[in-house]
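Remarks on the structure that follows.
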Amino acid sequence: AQKVTQAQTEISVVEKEDVTLDCVYETRDTTYYLFWYKQPPSGELVFLIRRNSFDEQNEISGRYSWNFQKSTSSFNFTITASQVVDSAVYFCALSETTTGANSKLTFGKGITLSVRP
Amino acid sequence: EAGVVQSPRYKIIEKKQPVAFWCNPISGHNTLYWYLQNLGQGPELLIRYENEEAVDDSQLPKDRFSAERLKGVDSTLKIQPAELGDSAVYLCASSLGYSYNEQFFGPGTRLTVL
């Protein structure tokens, strides 16, 4: 069975600090997809990034970067120079392809990030 | 392009009352999902539709929960009768259906059962 663990529950940083959100996953599939979503106080989950299991290249998008390491089953998310608008709950999620239930997402419990001015 | 629309945004009912939530997915998205999100938790899948067909309802408590997507577009999720433990946020999402496709979420309906 697939599982996503986000061991950090709450993180508080001061604006402009860098912060890394950890994600560890478990799956028996060789082909799978990993996602990060952001849930601001308004409640709507916003898609941030998708990674497939065959692409271990790190990705950078502005202040956001992602580090995918299959050897440790981790898909960590770093925000550089954090801003108050980054305050939200961040979810890591896993989608398998061989369970007979394509496109089912398994979410972690989320990490609440608070960025103080 | 309009996003996933859900209504109502908030609902307060007394236990044992029925309640229904409505969702209109993004145009062209054949796959629709209903998730339950408890406080401090990630979303958990209740049911997934491919067009009109419920292809995964293994996590739906069928004794009190029901859902339908009659024309393969919008969908309704119903609880009858509601229990105190049903208080949560009910999220609807849609996608193009494949494992690599991101899901687009609506704002959710926050249900409070008194």
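The values are calculated or read from the model by the stated rules, or taken from the named source; none is laboratory data. Here the structure is a predicted model, which means the values were calculated and not measured. All Cβ positions, even for glycine, are placed from backbone atoms using ideal geometry, and neighbour counts span all protein chains on display.
Taking the condition of being among the hydroxyl-bearing types (Ser, Thr, Tyr) and in a loop (DSSP other than H, G, I, E, B), how many residues in the range A:17-30 meet it?
Summing the residues that are among the hydroxyl-bearing types (Ser, Thr, Tyr) and in a loop (DSSP other than H, G, I, E, B) in the range A:17-30 gives 2.
Which condition number does A:Lys16 fail, the rest of (1) farther than 23 Å from A:Arg116 by Cβ; (2) surrounded by fewer than 19 Cβ atoms within 10 Å (Cβ to Cβ); (3) in contact (Cβ under 8 Å) with a residue 40 or more places away in the chain being met?
(1)
Could you list, in sequence order, the residues of the range A:31-47 that are touching a residue at least 40 places away in the same chain (Cβ under 8 Å), in a strand (DSSP E or B) and within 9 Å of chain B (Cβ to nearest Cβ)?
Those that are touching a residue at least 40 places away in the same chain (Cβ under 8 Å), in a strand (DSSP E or B) and within 9 Å of chain B (Cβ to nearest Cβ): A:Tyr32, A:Tyr33, A:Phe35, A:Tyr37, A:Gln39.
Are any residues in the range B:55-114 within 14 Å of another protein chain (Cβ to nearest Cβ), outside any strand (DSSP E or B) and not small (Gly, Ala, Ser), and if so, which ones? Talk me through it step by step, then tell me what you get.
Applying the first criterion (within 14 Å of another protein chain (Cβ to nearest Cβ)) to the range B:55-114 yields B:55-60, B:88-111.
Filter once more, keeping what is outside any strand (DSSP E or B): B:57-60, B:96-103, B:106-108.
If the condition is that a residue be within 14 Å of another protein chain (Cβ to nearest Cβ), outside any strand (DSSP E or B) and not small (Gly, Ala, Ser), then B:Asp57, B:Gln59, B:Leu60, B:Leu96, B:Tyr98, B:Tyr100, B:Asn101, B:Glu102, B:Gln103, B:Pro107 are the ones that fit.
Considering A:Ala93, A:Ala88, which residue is under 29 Å from B:Gln6 (Cα atoms), more than 9 Å from every other protein chain (Cβ to nearest Cβ), small (Gly, Ala, Ser) and out of contact with any helix residue (DSSP H, G or I) (no Cβ under 7 Å at 6 or more places or on another chain)?
Details: A:Ala93 fails: more than 9 Å from every other protein chain (Cβ to nearest Cβ).
Answer to the selection: A:Ala88.
What pairs can you find where one residue is in the range B:43-55 and of a type in the set (Phe, Trp, Tyr), the other is surrounded by fewer than 16 Cβ atoms within 10 Å (Cβ to Cβ), and their Cβ atoms are less than 8 Å apart, with a gap of 6+ or different chains?
So the pair list comes out as B:Tyr49/B:Gly72.
Answer yes or no: is there a residue in the range B:50-59 that is at pLDDT 95 or above and closer than 28 Å to A:Cys92 by Cβ. Before you say what the answer is, go through the steps one by one.
Residues of the range B:50-59 at pLDDT 95 or above: none.
No, the range B:50-59 contains no residue that is at pLDDT 95 or above and closer than 28 Å to A:Cys92 by Cβ.
Only one residue in A:Ser71, A:Ser103 is within 10 Å of chain B (Cβ to nearest Cβ) and either modelled with pLDDT under 95 or out of contact with any strand residue (DSSP E or B) (no Cβ under 9 Å at 6 or more places or on another chain) (or both), so which one is that?
Sole residue among the options that is within 10 Å of chain B (Cβ to nearest Cβ) and either modelled with pLDDT under 95 or out of contact with any strand residue (DSSP E or B) (no Cβ under 9 Å at 6 or more places or on another chain) (or both): A:Ser103.
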